[in-house]
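The values are calculated or read from the model by the stated rules, or taken from the named source; none is laboratory data. The structure presented is a predicted model; accordingly, all values stated were derived computationally and were not measured. Please note: Cβ atoms are built from the backbone with ideal geometry, for glycine as well, and neighbour counts cover all protein chains shown.
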Amino acid sequence: SQQGEEDPQALSIQEGENATMNCSYKTSINNLQWYRQNSGRGLVHLILIRSNEREKHSGRLRVTLDTSKKSSSLLITASRAADTASYFCATDPRGAGGTSYGKLTFGQGTILTVHP
Amino acid sequence: NAGVTQTPKFQVLKTGQSMTLQCAQDMNHEYMSWYRQDPGMGLRLIHYSVGAGITDQGEVPNGYNVSRSTTEDFPLRLLSAAPSQTSVYFCASSSSSSGNTIYFGEGSWLTVV
């Protein structure tokens, strides 16, 4: 079973618009990570947010985390055609003593299409 | 600056054949794992390792074996390939000392006919 559920499954926008993707999960986490995957390629790590953080920024990316609602969102501002890809959230569960062992549980992803 | 290296990138197998997907990392990470990705889905964990000599099962371990004799290498063995194992396989590594960011290989595309 996949812990992370992402919404929407597909998103189509114009260049310059903002794109927001949401992720919900079920169990306690050590951290939550967002990845991008271009068609036929591997995963590229975008941003990691720890369970004690509420918001994080990286360039045009803004990630929020609400552990009380077990949800996260990824905002891409001023989107570009090159942002067209699938975006996945992945949760890193809290192990014994709070240790993270690198075992991620992925959502099914959001397919983002940015039209020039 | 290799990171996580997977081989082969593409492979076609016949049902019943066995093979090994290789994975190596040069970052001295203690944690390594294997995932599979089926069309239109996220990745699912097959097996993982928290250090040399220590492995454990993930969500979908059936039909796969792993071993971790060194910190650098984490091969995935398909014992008797089945069409249901047609998928893209990703190896990953991470370390608590690197902030738990997980680094992925480029993937291995496997087709079982």
Query raised in the report: So which pairs qualify, if the first residue must be in region A:25-49 and without any contact (Cβ under 8 Å) to a residue 12 or more places away in the chain and within 22 Å of A:R62 (Cα to Cα), the second must be in a strand (DSSP E or B) and of a type in the set (S, T, N, Q), the Cβ gap must be under 8 Å, and the two must be at least 6 apart or on different chains?
Result: A:V44/A:Q37
Query raised in the report: Right, B:Y89: in a strand (DSSP E or B) and at the interface with another protein chain (Cβ under 9 Å from one of its Cβ atoms) or not?
Result: no
Requested in this report: Keeping to region A:60-86, report how many residues are within 14 Å of another protein chain (Cβ to nearest Cβ) and among the hydroxyl-bearing types (S, T, Y).
Outcome: 1
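Got a sec? Which of B:R44, B:R77 is within 16 Å of A:L43 (Cα to Cα), free of Cβ contacts under 8 Å to residues at least 60 places away in the same chain, part of a strand (DSSP E or B) and of a type in the set (K, R)? Break it down into steps so the answer makes sense when it comes.
Working: B:R77 fails: within 16 Å of A:L43 (Cα to Cα).
Sole residue among the options that is within 16 Å of A:L43 (Cα to Cα), free of Cβ contacts under 8 Å to residues at least 60 places away in the same chain, part of a strand (DSSP E or B) and of a type in the set (K, R): B:R44.
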Query raised in the report: Does B:S108 count as within 13 Å of another protein chain (Cβ to nearest Cβ), in contact (Cβ under 8 Å) with a residue 40 or more places away in the chain, within 21 Å of A:W34 (Cβ to Cβ) and within 11 Å of the chain's Cα centre (by Cα)?
Result: no
Report task. Might you let me know whether region B:9-26 holds any residue that is within 10 Å of chain A (Cβ to nearest Cβ) and of a type in the set (S, T, Y)? Result -> no
Report summary line: The one condition B:R68 fails out of (1) farther than 26 Å from A:G40 by Cβ; (2) among the basic types (K, R); (3) in a strand (DSSP E or B) is (3)
Report task. Could you tell me whether region A:37-59 includes any residue that is at pLDDT below 95, away from chain B (no Cβ under 13 Å) and in a strand (DSSP E or B)? Result -> no
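If a residue has to be in a strand (DSSP E or B), within 14 Å of chain B (Cβ to nearest Cβ) and hydroxyl-bearing (S, T, Y) to count, how many in region A:1-36 make the cut? Walk me through it before giving the result.
Just the residues of region A:1-36 that are in a strand (DSSP E or B), to begin with: A:5-7, A:10-14, A:19-24, A:29-36.
Next, from what is left, pick out any that are within 14 Å of chain B (Cβ to nearest Cβ): A:5-7, A:10, A:21, A:23-24, A:29-36.
Imposing the further condition that a residue be hydroxyl-bearing (S, T, Y) reduces the set to A:24, A:35.
Matching residues across region A:1-36 total 2.
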